[in-house]
Every structure is written in C-alpha cells, then in structure tokens.
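Here's the structure, in structure tokens; my notes come after.
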Amino acid sequence: MDFAKDLIDHENVATESGITFLNDTSNGSLTDLKSSKEEDMEVHVNNLLIQAANKAASDMFLSTGSKLYSTVKGPTTSSKLEKDSSQINDYNHLVDCKIYPSKLLPPSSTIEATSLVVVFESFDSLDFVYAKSGDIFYNRNGHFHHDDFIGKPYGCKIRSRNNKGLGFVFLLKPTPELWARSLNHRTQIVHELDSATICFNLNLRPNMVVCESGTGSGAMSHCIMRAISPHGTLHTYEFNEMRAKTAAEEFKMNGVDHLVNVHWRDVCGKPSKSDVGGESEKSAKTLTNDLTFGSGGFNIGQSKAHAIFLDLPEPWLAIPHAAYTMKPNGTICSYSPCMEQTQKTCQKMKEYGFHSLKTIEVRLQEHYVDEVRMDCVPTSKLPRDMNISSYVPGAPNSSSSTLENDQSGHKKSALSADKNSLQVEKVAKKRKLCARPFSMMRGHSAFLTFASAGNKTYPDPNNSEA
C-alpha cells in the first residue's frame, strides 16, 4: 500500500529560498567590528550584513517554535547563540534550507506486476488480487485476465473477455478501508467506523510504537500502520498459530512488513491451543523467523509502547501487562462486545492507575446519494382566481351581460397566457444531489473503552508471579 512506501524528497518554498549560513570573514564580535578602524569600510559593512543575515537565519531554523526546536537541545534563541561562539559553530550545519525538503509519497497511479488491486464488482461485493501476468480472475461478471490489469491506471474500468464484453469491474487502489471490505475474514473484524474512532482517540501519530493484541484478519493492523508510518512500529499478537502465519504472509505481500512485528503469543498468559499434547515447542521451531512464540505479556520491555489496543475475549487479564509495557501518559483501548466485559476491564484499569476512562459505542447510519430531477419554483405571475363574480348591484342586465362577456374574454386570454408561461416553467427541471437514509442500520458492533496511563511504573507481572 502507498502509505508503507519510502518517502521521496520534494522541493518546496524553503528549499528554493536559498537561505544558508554564510561564512564571516571577521574574527571579532559585533562590538569589535564597530570599534575597529583598520578595516576597510566596505568590508566592515559586508560583515555587518553577514552577521545580521546569519542571525535572522538562526532565528528562523533554531528558534522556539521552529521544526528543529524539539530536536536541537541547547541554546536555541538568538541571544544565547550570540554569547557562545563555539555553540554557534556546532549548529551552523543546521542552518541550511537544502536539508529541509518536503517528504512526499511517491506517485503510483499505474498497476504493475505483483501490485495489490481491489476489484470492485458491485456496491456490496469487493475482492482483491495480486496482479500476475498469465493469471485470470473469475467472478460472476466474467473472466478478467491479469494482463489487462498491468499497465492500466487505478480506477479504470475493465471488461471481460467472454460474454461479448458485457461484464465489467473497476480496479481500485488499495486502502485499509477497502482492504477490510475485500479480505477473507478469518475472524470478526473491526469495521472502518470503529477503526477510525480508535485511531483518533488513541492519538496515533507517525513514528509511534503501538501494541495490538488480537491480530485476527489484520484489518485493524493496516489502519494502525497507516497512522504510524513511515517509521513507526506495530507489535501485533495472535494466540492462534495459523492466523499468525497467514497475517505475516499478507503483511509481506502488501508491502507493509517493515512496519509490523507479528508475535505468536497470548498476552493474557493462558496456554495456547497448540500446547495440547506437548506440541507447542515442536511447532514453534517450524515457524518462520518473523514470528515469536510465547505466552503472557507483550515481551518488548518496560515503558516501550505509546498506545495499546486490546481485542480479546478477556481483556482484563492483559491490563497488568499493559501497565508494565506502556509509557507514562500513554493511551489504551479495549474493544469488547459485551457490557460485562467492559465493566471488568474498567475495574482492572482503575487498579493499575489508569484514569480518564470513557466507554463509547459508534453506530453507522448510511445514506443513499443520487441525483434527482426536481421541478423549479415558479417565478412568473400566478393566474387570477376565476370564481369571483362580476355582478354589480344596480347595473342594468344588458350592460352587465356585456361587461361579463368582455371580462370573461379578457380572463380567458389572461388565463391562457398564464397557462402557457407555467407550462414553459414546468418543462425546465433541475438535477439536484439528494440523500436519504437506508431503512436498515448496522447493529451493535462493540463497546470502545479508552483510558490514559498514569506516571507510575509497574513491575513485570511475569516476574512477580514467579
């Protein structure tokens, strides 16, 4: 997927500005330059300009609020830099616009061999393939050759080679949301609305270290990796050996394996299913080097994770291990379908110093969006009411009848004119984009419990139990 690719340098306004640190030919300070009478006036003025330019450049790159303020530890203000010339020289190499290009993802709009492609068959039917020359994708719409995919842009429409080309599919660029809708569900997955809420409340940012217990089908793992890329690390744990192996293979095929470490481990500390019959050690040796076997805890050290996500049937058993692994003020999330699970988890979180607990439930209300032809509001004069009587008291019958005939003829002509104007307006209709909710709404998925860790550190539960 695109978010896992290496970023490339791109020119921006800063790099094109030409700002850099200039070499000062004078050996003295600003006061010495003013008092010196031996130097030439032109050289003296040039040195003053160079010092002023270097001071402005240092304020721009090294002052409080700049991008380097968090990385440069030491004097960062111009007043402190002026007092210590040795410290100025230490940071001269940082005052250069050429070393601060924009980091952008490389453009990838064309399908290549081995590329992951999401096949859009219909509104509620998506599938995926890895483009390979010579292979054929079969579905109810027809036979689609991978050779027709390679070289085409993402989003294009491909017709089948059979059925006279009547069947067609759309080739979409993969995203974590589309991957969740097209992958083979080995377990119940975390849907896109819950995953977006989890990433937001966990405050996931690039280059963070995150632990996820309950890999399952890997849908949530891709959402986390997108949030912590390009240099973050996800430690995902799965107690089932086959699911752990399959997830590791899929991560490698999708090109995100450098962002994730897959662990075959039960963080709750209960024995794995493979332990039955004493076959756990034997099967552990047959695993690839990408997987680690173990039971109990996250096994990455104390205070290493910025955030932890738990998708377990008994998450309260993993809370002691999470308190040991999480950094101070880190955030944890528990995904539980039942309220009884949530209550036990909250009680355990309070015992281990977690605070600011909140539990939410997210419901998705989808809408059907389509263009509708709607009549325009009439803007012309409306026709008069023809039911008003023309009788005038005291008027003779003949004159009244003549008046009635004249008025009726005038009314008929006015009515016909008004009708013609209305008919013209009725023909003109506008197409407007409208939305209406679906009659059915997806039911309850899970309760999301969020909490923040305190500043207290806790011992390793595995050592305390021993």
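Provide a single number: the residues in segment 211-255 that are within 30 Å of LEU104 (Cα to Cα), surrounded by fewer than 22 Cβ atoms within 10 Å (Cβ to Cβ) and among the aliphatic types (A, V, I, L, M).
1
For segment 336-369: of the residues being without any contact (Cβ under 8 Å) to a residue 40 or more places away in the chain and farther than 19 Å from SER445 by Cα, which is most open to solvent (accessible area, probe 1.4 Å)?
LYS350
Looking for whichever is touching a residue at least 40 places away in the same chain (Cβ under 8 Å) and in contact with a His (Cβ under 9 Å, 6 or more places away or on another chain) here; the options are LEU204, LEU193. Which one fits?
LEU204 is the lone residue from the list that is touching a residue at least 40 places away in the same chain (Cβ under 8 Å) and in contact with a His (Cβ under 9 Å, 6 or more places away or on another chain).
Quick one: count up the residues across segment 122-160 that are open to solvent by 40 Å² or more (accessible area, probe 1.4 Å), farther than 15 Å from ILE111 by Cα and not in a loop (DSSP other than H, G, I, E, B).
5
State whether the residues of segment 284-307 include one that is open to solvent by less than 10 Å² (accessible area, probe 1.4 Å), in a strand (DSSP E or B), within 23 Å of ARG186 (Cα to Cα) and at pLDDT below 95.
Checked against the condition, which is being open to solvent by less than 10 Å² (accessible area, probe 1.4 Å), in a strand (DSSP E or B), within 23 Å of ARG186 (Cα to Cα) and at pLDDT below 95, segment 284-307 yields no hits at all.
Can you find, within segment 4-24, the residue that is modelled with the lowest pLDDT among those that are assigned to a loop (DSSP other than H, G, I, E, B) and of a type in the set (D, E, K, R)?
ASP24
Which pairs turn up if I take residues in segment 238-265 that are in contact (Cβ under 8 Å) with a residue 60 or more places away in the chain and at positive phi and look for partners that are part of a helix (DSSP H, G or I) and open to solvent by less than 20 Å² (accessible area, probe 1.4 Å) with beta carbon separation below 9 Å, at least 6 apart in sequence or on another chain?
Qualifying pairs under 9 Å: GLY255/ALA4.
Identify all residues within segment 256-271 that are under 25 Å from the mean Cα position of the chain (by Cα) and either within 23 Å of ALA323 (Cβ to Cβ) or open to solvent by 20 Å² or more (accessible area, probe 1.4 Å) (or both); write none if there are none.
ASP257, HIS258, ASN261, HIS263
Keeping to segment 161-190, report how many residues are of a type in the set (D, E, K, R) and open to solvent by less than 10 Å² (accessible area, probe 1.4 Å).
Looking only at that region, the number is 0.
Could you run through segment 231-267 and say how many residues are more than 22 Å from TRP316 (Cα to Cα) and of a type in the set (S, T, N, Q)?
Here the count works out to 4.
The values are calculated or read from the model by the stated rules, or taken from the named source; none is laboratory data. These numbers come from a predicted model, not from an experiment. A quick note on method: Cβ atoms are made from the backbone with ideal geometry, for glycine too, and the neighbour counts reach across all protein chains shown. The accessibility values were calculated without ligands, DNA or RNA, using every heavy atom of the protein model including side chains. Shrake-Rupley method; radii C 1.70, N 1.55, O 1.52, S 1.80 Å.
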